[in-house]
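Written out below as C-alpha coordinates is the structure these notes cover.
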There are 2 protein chains.
Amino acid sequence: MGKSGGKWMAFFRGRFLHSLDAKGRVAIPQRFRESLGGEEAEIRLVMSVDPEGCLVVYPEAVWRELEQKWEALPQMNDELKTYLRFMVGWASDGALDRQGRILVPPPLREYAGLDHEVWFVGVLQNFEIWNGERLEKATGSDRVRSVTQKLSGLF
Amino acid sequence: MGKSGGKWMAFFRGRFLHSLDAKGRVAIPQRFRESLGGEEAEIRLVMSVDPEGCLVVYPEAVWRELEQKWEALPQMNDELKTYLRFMVGWASDGALDRQGRILVPPPLREYAGLDHEVWFVGVLQNFEIWNGERLEKATGSDRVRSVTQKLSGLF
DNA sequence: TGATTAGTGGGGAAAAGTGGGGGAAAGTGG
DNA sequence: CCACTTTCCCCCACTTTTCCCCACTAATCA
(Lines give C-alpha, C1' and ligand atoms only; values in the text may rest on other atoms or scores of the structure.)
Protein backbone atom coordinates (compact mmCIF):
# COMPACT_ATOMS: atom_id res chain seq x y z
CA MET A 1 0.00 0.00 0.00
CA GLY A 2 1.17 3.49 -0.70
CA LYS A 3 2.75 2.77 -4.06
CA SER A 4 1.32 4.10 -7.25
CA GLY A 5 3.08 3.61 -10.53
CA GLY A 6 6.41 2.80 -8.91
CA LYS A 7 6.54 6.11 -7.10
CA TRP A 8 5.55 6.75 -3.52
CA MET A 9 2.62 8.96 -2.90
CA ALA A 10 2.68 11.88 -0.56
CA PHE A 11 1.71 10.57 2.78
CA PHE A 12 2.83 12.20 5.95
CA ARG A 13 1.37 15.55 6.88
CA GLY A 14 0.91 17.68 9.96
CA ARG A 15 2.52 17.93 13.35
CA PHE A 16 1.73 16.11 16.54
CA LEU A 17 3.03 16.52 20.06
CA HIS A 18 3.67 13.22 21.83
CA SER A 19 5.61 12.17 24.84
CA LEU A 20 8.62 9.95 25.09
CA ASP A 21 8.25 7.87 28.25
CA ALA A 22 10.86 6.79 30.76
CA LYS A 23 11.50 3.61 28.81
CA GLY A 24 12.27 5.50 25.62
CA ARG A 25 9.02 4.70 23.87
CA VAL A 26 6.87 7.05 21.78
CA ALA A 27 3.55 6.42 20.13
CA ILE A 28 3.52 7.10 16.40
CA PRO A 29 0.56 9.33 15.53
CA GLN A 30 -2.35 7.26 14.28
CA ARG A 31 -2.44 9.11 10.95
CA PHE A 32 1.17 8.20 10.32
CA ARG A 33 0.63 4.62 11.36
CA GLU A 34 -1.99 4.24 8.67
CA SER A 35 0.36 5.61 6.05
CA LEU A 36 3.07 3.22 7.18
CA GLY A 37 0.76 0.38 6.34
CA GLY A 38 -0.84 -0.59 9.60
CA GLU A 39 0.14 -2.78 12.49
CA GLU A 40 3.18 -4.75 11.40
CA ALA A 41 4.90 -1.85 9.63
CA GLU A 42 8.68 -1.81 9.37
CA ILE A 43 10.51 1.47 9.71
CA ARG A 44 14.01 2.91 9.54
CA LEU A 45 15.04 5.51 12.05
CA VAL A 46 18.02 7.67 11.08
CA MET A 47 19.73 10.90 12.03
CA SER A 48 19.18 14.02 9.94
CA VAL A 49 22.16 15.87 8.53
CA ASP A 50 20.79 19.36 9.22
CA PRO A 51 22.47 21.73 11.64
CA GLU A 52 19.61 21.36 14.09
CA GLY A 53 19.57 17.61 14.32
CA CYS A 54 16.34 15.68 14.36
CA LEU A 55 15.47 12.07 13.69
CA VAL A 56 14.00 10.93 10.40
CA VAL A 57 11.64 8.02 10.02
CA TYR A 58 11.27 6.23 6.69
CA PRO A 59 8.80 3.56 5.73
CA GLU A 60 10.83 0.50 4.92
CA ALA A 61 10.00 0.68 1.20
CA VAL A 62 11.10 4.30 0.86
CA TRP A 63 14.35 3.57 2.64
CA ARG A 64 15.06 0.65 0.35
CA GLU A 65 14.80 2.91 -2.67
CA LEU A 66 17.45 5.14 -1.14
CA GLU A 67 19.71 2.17 -0.51
CA GLN A 68 19.38 1.09 -4.10
CA LYS A 69 20.49 4.51 -5.26
CA TRP A 70 23.53 4.35 -3.02
CA GLU A 71 24.45 0.90 -4.17
CA ALA A 72 24.45 2.04 -7.76
CA LEU A 73 27.17 4.59 -7.05
CA PRO A 74 30.93 3.88 -7.26
CA GLN A 75 31.70 2.34 -3.86
CA MET A 76 35.33 3.44 -3.62
CA ASN A 77 34.35 7.06 -3.39
CA ASP A 78 35.52 8.42 -0.03
CA GLU A 79 32.82 11.00 0.16
CA LEU A 80 30.15 8.40 -0.33
CA LYS A 81 31.72 6.29 2.41
CA THR A 82 31.63 9.17 4.83
CA TYR A 83 28.05 9.79 3.96
CA LEU A 84 27.05 6.17 4.38
CA ARG A 85 28.86 5.83 7.66
CA PHE A 86 26.59 8.55 8.94
CA MET A 87 23.32 7.65 7.28
CA VAL A 88 23.47 3.89 7.38
CA GLY A 89 25.80 3.53 10.32
CA TRP A 90 23.30 5.06 12.68
CA ALA A 91 20.18 3.69 11.05
CA SER A 92 18.08 1.66 13.38
CA ASP A 93 15.50 -0.74 12.05
CA GLY A 94 12.50 -1.42 14.09
CA ALA A 95 8.85 -2.17 14.12
CA LEU A 96 5.91 -0.80 16.01
CA ASP A 97 4.84 -2.58 19.17
CA ARG A 98 1.23 -3.59 19.71
CA GLN A 99 0.37 -0.16 21.03
CA GLY A 100 1.81 1.53 17.95
CA ARG A 101 4.97 2.73 19.68
CA ILE A 102 8.59 2.62 18.68
CA LEU A 103 11.65 2.47 20.86
CA VAL A 104 14.19 5.22 20.29
CA PRO A 105 17.72 3.96 20.98
CA PRO A 106 19.64 6.14 23.48
CA PRO A 107 22.31 7.39 21.03
CA LEU A 108 19.65 8.65 18.65
CA ARG A 109 17.64 10.17 21.44
CA GLU A 110 20.71 12.03 22.59
CA TYR A 111 21.67 13.17 19.10
CA ALA A 112 18.29 14.75 18.52
CA GLY A 113 18.12 16.22 22.02
CA LEU A 114 14.86 14.48 22.79
CA ASP A 115 13.48 14.63 26.27
CA HIS A 116 9.93 14.17 27.42
CA GLU A 117 8.06 16.17 24.77
CA VAL A 118 8.68 15.44 21.11
CA TRP A 119 7.11 16.71 17.90
CA PHE A 120 6.26 14.55 14.94
CA VAL A 121 6.39 16.47 11.65
CA GLY A 122 5.21 15.01 8.36
CA VAL A 123 7.17 15.96 5.25
CA LEU A 124 5.45 13.94 2.52
CA GLN A 125 7.44 10.74 1.98
CA ASN A 126 8.78 10.51 5.49
CA PHE A 127 8.41 12.16 8.84
CA GLU A 128 10.67 13.65 11.47
CA ILE A 129 10.92 13.61 15.24
CA TRP A 130 11.98 16.87 16.84
CA ASN A 131 12.95 18.52 20.05
CA GLY A 132 10.57 21.46 20.49
CA GLU A 133 13.05 24.34 20.58
CA ARG A 134 15.03 23.00 17.67
CA LEU A 135 11.91 22.64 15.58
CA GLU A 136 10.92 26.18 16.35
CA LYS A 137 14.30 27.42 15.26
CA ALA A 138 14.21 25.36 12.09
CA THR A 139 10.76 26.60 11.15
CA GLY A 140 10.98 30.16 12.46
CA SER A 141 8.91 32.55 10.39
CA ASP A 142 11.90 34.67 9.31
CA ARG A 143 13.65 31.65 7.94
CA VAL A 144 10.61 30.25 6.25
CA ARG A 145 9.74 33.55 4.66
CA SER A 146 13.15 34.00 3.07
CA VAL A 147 13.06 30.46 1.73
CA THR A 148 9.57 30.98 0.41
CA GLN A 149 10.76 34.03 -1.49
CA LYS A 150 13.42 32.00 -3.24
CA LEU A 151 11.18 29.08 -4.06
CA SER A 152 8.08 31.03 -4.94
CA GLY A 153 9.14 31.35 -8.55
CA LEU A 154 8.83 27.60 -8.92
CA PHE A 155 5.13 27.30 -8.30
CA MET B 1 -16.73 18.69 -10.36
CA GLY B 2 -14.61 21.71 -9.69
CA LYS B 3 -12.28 21.08 -12.58
CA SER B 4 -12.61 22.63 -15.98
CA GLY B 5 -10.03 22.12 -18.65
CA GLY B 6 -7.36 21.05 -16.16
CA LYS B 7 -7.54 24.30 -14.24
CA TRP B 8 -9.51 24.93 -11.10
CA MET B 9 -12.36 27.32 -11.25
CA ALA B 10 -12.74 30.22 -8.90
CA PHE B 11 -14.90 29.06 -6.09
CA PHE B 12 -14.77 30.70 -2.75
CA ARG B 13 -16.01 34.24 -2.27
CA GLY B 14 -17.10 36.47 0.58
CA ARG B 15 -16.61 36.58 4.32
CA PHE B 16 -18.55 34.94 7.10
CA LEU B 17 -18.35 35.23 10.86
CA HIS B 18 -18.64 31.91 12.69
CA SER B 19 -17.81 30.69 16.12
CA LEU B 20 -15.25 28.14 17.23
CA ASP B 21 -16.74 26.14 20.08
CA ALA B 22 -15.11 24.83 23.22
CA LYS B 23 -14.19 21.57 21.50
CA GLY B 24 -12.37 23.35 18.69
CA ARG B 25 -15.02 22.88 16.04
CA VAL B 26 -16.24 25.42 13.46
CA ALA B 27 -18.97 25.12 10.90
CA ILE B 28 -17.84 25.75 7.33
CA PRO B 29 -20.12 28.30 5.67
CA GLN B 30 -22.73 26.55 3.58
CA ARG B 31 -21.62 28.32 0.40
CA PHE B 32 -18.12 26.98 0.85
CA ARG B 33 -19.35 23.53 1.66
CA GLU B 34 -21.09 23.35 -1.69
CA SER B 35 -17.92 24.38 -3.48
CA LEU B 36 -15.94 21.76 -1.62
CA GLY B 37 -18.17 19.13 -3.10
CA GLY B 38 -20.75 18.40 -0.47
CA GLU B 39 -20.90 16.20 2.60
CA GLU B 40 -17.90 13.92 2.47
CA ALA B 41 -15.44 16.54 1.25
CA GLU B 42 -11.77 16.16 2.13
CA ILE B 43 -9.81 19.26 3.00
CA ARG B 44 -6.29 20.33 3.92
CA LEU B 45 -5.89 22.91 6.63
CA VAL B 46 -2.53 24.71 6.55
CA MET B 47 -0.73 27.76 7.94
CA SER B 48 -0.22 30.91 5.94
CA VAL B 49 3.28 32.31 5.69
CA ASP B 50 2.30 35.93 6.31
CA PRO B 51 3.40 37.78 9.39
CA GLU B 52 -0.20 37.87 10.58
CA GLY B 53 -0.83 34.18 10.38
CA CYS B 54 -4.18 32.76 9.38
CA LEU B 55 -5.26 29.27 8.42
CA VAL B 56 -5.76 28.32 4.80
CA VAL B 57 -8.20 25.67 3.68
CA TYR B 58 -7.67 23.84 0.40
CA PRO B 59 -9.96 21.40 -1.31
CA GLU B 60 -8.10 18.13 -1.37
CA ALA B 61 -7.63 18.19 -5.15
CA VAL B 62 -6.10 21.66 -5.17
CA TRP B 63 -3.67 20.74 -2.44
CA ARG B 64 -2.62 17.56 -4.19
CA GLU B 65 -1.51 19.53 -7.22
CA LEU B 66 0.81 21.52 -5.00
CA GLU B 67 2.25 18.39 -3.44
CA GLN B 68 2.95 16.89 -6.82
CA LYS B 69 5.01 19.92 -7.75
CA TRP B 70 7.02 19.62 -4.56
CA GLU B 71 7.65 15.94 -4.99
CA ALA B 72 9.16 16.50 -8.40
CA LEU B 73 11.94 18.63 -6.91
CA PRO B 74 15.28 17.27 -5.62
CA GLN B 75 14.60 16.19 -2.03
CA MET B 76 18.09 16.73 -0.62
CA ASN B 77 17.84 20.48 -0.99
CA ASP B 78 17.94 22.18 2.42
CA GLU B 79 15.73 25.04 1.40
CA LEU B 80 13.07 22.73 0.11
CA LYS B 81 13.22 20.81 3.37
CA THR B 82 12.67 23.97 5.36
CA TYR B 83 9.79 24.88 3.11
CA LEU B 84 8.15 21.48 3.39
CA ARG B 85 8.58 21.39 7.13
CA PHE B 86 6.50 24.50 7.25
CA MET B 87 3.92 23.89 4.54
CA VAL B 88 3.41 20.17 4.91
CA GLY B 89 4.42 20.05 8.54
CA TRP B 90 1.52 22.24 9.52
CA ALA B 91 -0.96 20.68 7.13
CA SER B 92 -3.78 18.86 8.79
CA ASP B 93 -5.98 16.58 6.75
CA GLY B 94 -9.53 16.36 7.75
CA ALA B 95 -13.07 15.94 6.69
CA LEU B 96 -16.31 17.63 7.58
CA ASP B 97 -18.43 16.03 10.28
CA ARG B 98 -22.09 15.38 9.71
CA GLN B 99 -22.95 18.92 10.71
CA GLY B 100 -20.52 20.40 8.22
CA ARG B 101 -17.92 21.30 10.81
CA ILE B 102 -14.19 20.76 10.94
CA LEU B 103 -11.97 20.28 13.95
CA VAL B 104 -9.08 22.72 14.19
CA PRO B 105 -6.14 20.97 15.87
CA PRO B 106 -4.82 22.83 18.92
CA PRO B 107 -1.40 23.72 17.41
CA LEU B 108 -3.05 25.38 14.43
CA ARG B 109 -5.61 27.14 16.56
CA GLU B 110 -2.83 28.56 18.67
CA TYR B 111 -0.64 29.56 15.74
CA ALA B 112 -3.46 31.45 14.06
CA GLY B 113 -4.58 33.07 17.30
CA LEU B 114 -8.13 31.81 16.99
CA ASP B 115 -10.48 32.21 19.89
CA HIS B 116 -14.25 32.20 19.92
CA GLU B 117 -15.01 34.37 16.88
CA VAL B 118 -13.41 33.53 13.55
CA TRP B 119 -13.78 34.92 10.05
CA PHE B 120 -13.98 32.89 6.89
CA VAL B 121 -12.67 34.69 3.82
CA GLY B 122 -12.98 33.32 0.31
CA VAL B 123 -10.02 33.91 -2.01
CA LEU B 124 -11.01 32.02 -5.17
CA GLN B 125 -9.37 28.59 -5.14
CA ASN B 126 -9.20 28.33 -1.38
CA PHE B 127 -10.42 30.13 1.67
CA GLU B 128 -8.93 31.37 4.90
CA ILE B 129 -9.82 31.37 8.58
CA TRP B 130 -8.86 34.48 10.50
CA ASN B 131 -8.68 36.01 13.92
CA GLY B 132 -10.69 39.24 13.71
CA GLU B 133 -7.99 41.76 14.62
CA ARG B 134 -5.42 40.14 12.41
CA LEU B 135 -7.77 40.18 9.48
CA GLU B 136 -8.47 43.84 10.02
CA LYS B 137 -4.78 44.61 10.06
CA ALA B 138 -4.12 42.51 6.98
CA THR B 139 -6.88 44.19 5.00
CA GLY B 140 -6.38 47.77 6.14
CA SER B 141 -7.18 50.17 3.33
CA ASP B 142 -3.71 51.79 3.28
CA ARG B 143 -2.12 48.43 2.81
CA VAL B 144 -4.54 47.34 0.15
CA ARG B 145 -4.08 50.59 -1.74
CA SER B 146 -0.31 50.31 -1.89
CA VAL B 147 -0.49 46.71 -3.04
CA THR B 148 -2.99 47.67 -5.70
CA GLN B 149 -0.54 50.21 -7.06
CA LYS B 150 2.16 47.60 -7.44
CA LEU B 151 -0.11 45.15 -9.18
CA SER B 152 -1.79 47.66 -11.42
CA GLY B 153 0.41 46.87 -14.36
CA LEU B 154 -0.59 43.24 -14.42
CA PHE B 155 -4.21 43.47 -15.35
C1' DT C 1 -46.63 32.70 10.57
C1' DG C 2 -45.46 27.94 9.98
C1' DA C 3 -41.66 25.42 7.44
C1' DT C 4 -37.19 24.81 6.01
C1' DT C 5 -32.33 25.60 6.44
C1' DA C 6 -28.02 27.23 8.70
C1' DG C 7 -25.37 27.56 12.73
C1' DT C 8 -24.36 26.30 17.88
C1' DG C 9 -23.82 23.55 21.87
C1' DG C 10 -23.54 19.39 24.67
C1' DG C 11 -23.89 14.19 26.04
C1' DG C 12 -21.62 10.18 25.31
C1' DA C 13 -19.36 6.25 22.90
C1' DA C 14 -15.28 5.10 20.60
C1' DA C 15 -10.56 5.82 19.54
C1' DA C 16 -5.95 7.49 20.50
C1' DG C 17 -2.27 8.38 23.63
C1' DT C 18 0.20 7.45 28.29
C1' DG C 19 2.22 5.00 31.95
C1' DG C 20 3.58 1.00 34.65
C1' DG C 21 3.99 -4.21 36.06
C1' DG C 22 6.12 -8.11 34.75
C1' DG C 23 7.75 -12.00 31.88
C1' DA C 24 10.61 -13.33 27.93
C1' DA C 25 14.79 -12.66 25.45
C1' DA C 26 19.31 -11.10 24.82
C1' DG C 27 23.73 -9.86 26.50
C1' DT C 28 27.65 -10.44 30.19
C1' DG C 29 30.85 -12.56 33.33
C1' DG C 30 32.38 -16.23 35.86
C1' DC D 1 27.24 -23.85 30.77
C1' DC D 2 24.99 -21.40 34.31
C1' DA D 3 23.54 -17.33 37.07
C1' DC D 4 22.74 -12.45 36.77
C1' DT D 5 21.63 -8.10 34.66
C1' DT D 6 19.65 -5.44 31.12
C1' DT D 7 16.69 -4.63 27.46
C1' DC D 8 12.63 -5.22 25.17
C1' DC D 9 7.83 -5.93 24.48
C1' DC D 10 3.42 -7.74 25.94
C1' DC D 11 -0.71 -6.73 28.61
C1' DC D 12 -3.71 -3.93 31.29
C1' DA D 13 -5.59 0.42 33.24
C1' DC D 14 -6.31 5.26 32.89
C1' DT D 15 -6.87 9.88 30.60
C1' DT D 16 -7.68 12.68 26.75
C1' DT D 17 -9.33 13.56 22.30
C1' DT D 18 -12.30 12.89 18.53
C1' DC D 19 -16.51 12.40 16.42
C1' DC D 20 -21.04 10.69 16.31
C1' DC D 21 -26.02 12.00 17.36
C1' DC D 22 -29.60 14.93 18.93
C1' DA D 23 -31.75 19.13 20.36
C1' DC D 24 -32.11 24.18 20.41
C1' DT D 25 -31.89 28.86 18.24
C1' DA D 26 -31.75 32.16 14.48
C1' DA D 27 -32.60 33.44 10.04
C1' DT D 28 -35.09 33.03 5.56
C1' DC D 29 -38.95 32.47 2.67
C1' DA D 30 -43.28 31.60 0.98
Inset, instruction - Every other copy gets compared here: list the nm distances from the A:GLU110 label point (7 Å along Cα to Cβ) to its counterparts, shortest first, one decimal. - result: 3.0
Inset, instruction - Tell me the distances, shortest first, between B:ARG145 and the same position across the other copies, using label points 7 Å along Cα→Cβ, in nm to one decimal. - result: 2.3
Legend entry - Estimated translational D of the stretch B:70-155 in µm²/s (Stokes, Kirkwood radius over Cα pairs; 10 °C; 1.306 mPa s): 98 µm²/s
Legend entry - Cα extents of the stretch B:113-155 along the three principal axes, largest first (Å): 40, 24, 11
Legend entry - Volume per residue of the C-alpha convex hull in chain B, rounded to whole Å³: 140 Å³
Inset, instruction - Under 15 Å between C-alpha atoms is the cut-off here; go through the protein assembly as shown and count lysine pairs that meet it, provided they're at least eight residues apart or on different chains. - result: 7
Legend entry - the stretch B:3-151, relative contact order [Cα under 8 Å, separation at least 6], %: 37 percent
Inset, instruction - Starting with the highest mean, order A:94-104, B:139-149 by the number of other Cβ atoms within 10 Å, averaged over the residues of each peptide. - result: A:94-104, B:139-149
Legend entry - Helix-only [θ]222 nm of chain B, DSSP H runs n ≥ 4, -39500 (n - 2.57) each, per residue, nearest 500: -9500 deg cm²/dmol
Legend entry - Within the accessible area of the stretch A:14-154 (1.4 Å probe), percent carbon and sulfur: 51 percent
Inset, instruction - Stick to the Cα atoms of the protein assembly as shown, pair each with every other, and give me the Kirkwood hydrodynamic radius in Å at one decimal. - result: 21.2 Å
Legend entry - Exercise: per-residue mean of other protein chain Cβ atoms within 10 Å, B:87-95: 6
Inset, instruction - Compare the Cα positions of A:GLY24, A:SER152, A:GLY14 along the charge dipole of the protein assembly as shown (+1 at Cβ of Lys, Arg; -1 at Cβ of Asp, Glu; about the Cα centre) and return the one farthest towards the positive end. - result: A:SER152
Inset, instruction - State to the nearest 20 debye the size of the charge dipole of the stretch A:14-154 about its Cα centre, where the only charges are +1 on K and R beta carbons and -1 on D and E beta carbons. - result: 280 debye
Inset, instruction - Can you list the distances in nanometres, one decimal and ascending, from the A:ASP93 label point to the identical position in each other copy, with the point 7 Å along Cα to Cβ? - result: 2.7
Legend entry - Number of partner chain Cβ atoms within 10 Å, mean per residue of B:66-77: 3
Inset, instruction - Taking H placed 1.01 Å from N in the peptide plane, check which residues at least 5 places from A:GLY14 or on another chain put their amide H under 5 Å from its amide H. - result: A:GLY122, B:GLY89, B:TRP90, B:ALA91
Inset, instruction - Compute the accessible area per residue over the protein assembly as shown, keeping the other protein chains in place, probe 1.4 Å, unit Å². - result: 54 Å²
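The values are calculated or read from the model by the stated rules, or taken from the named source; none is laboratory data. All values derive from a computational prediction rather than experimental measurement. Cβ: placed from backbone, ideal geometry, glycine included. Neighbour counts: every protein chain shown. We work out accessible area using only protein heavy atoms, side chains counted, and drop any ligands, DNA or RNA first. Shrake-Rupley method; radii C 1.70, N 1.55, O 1.52, S 1.80 Å.
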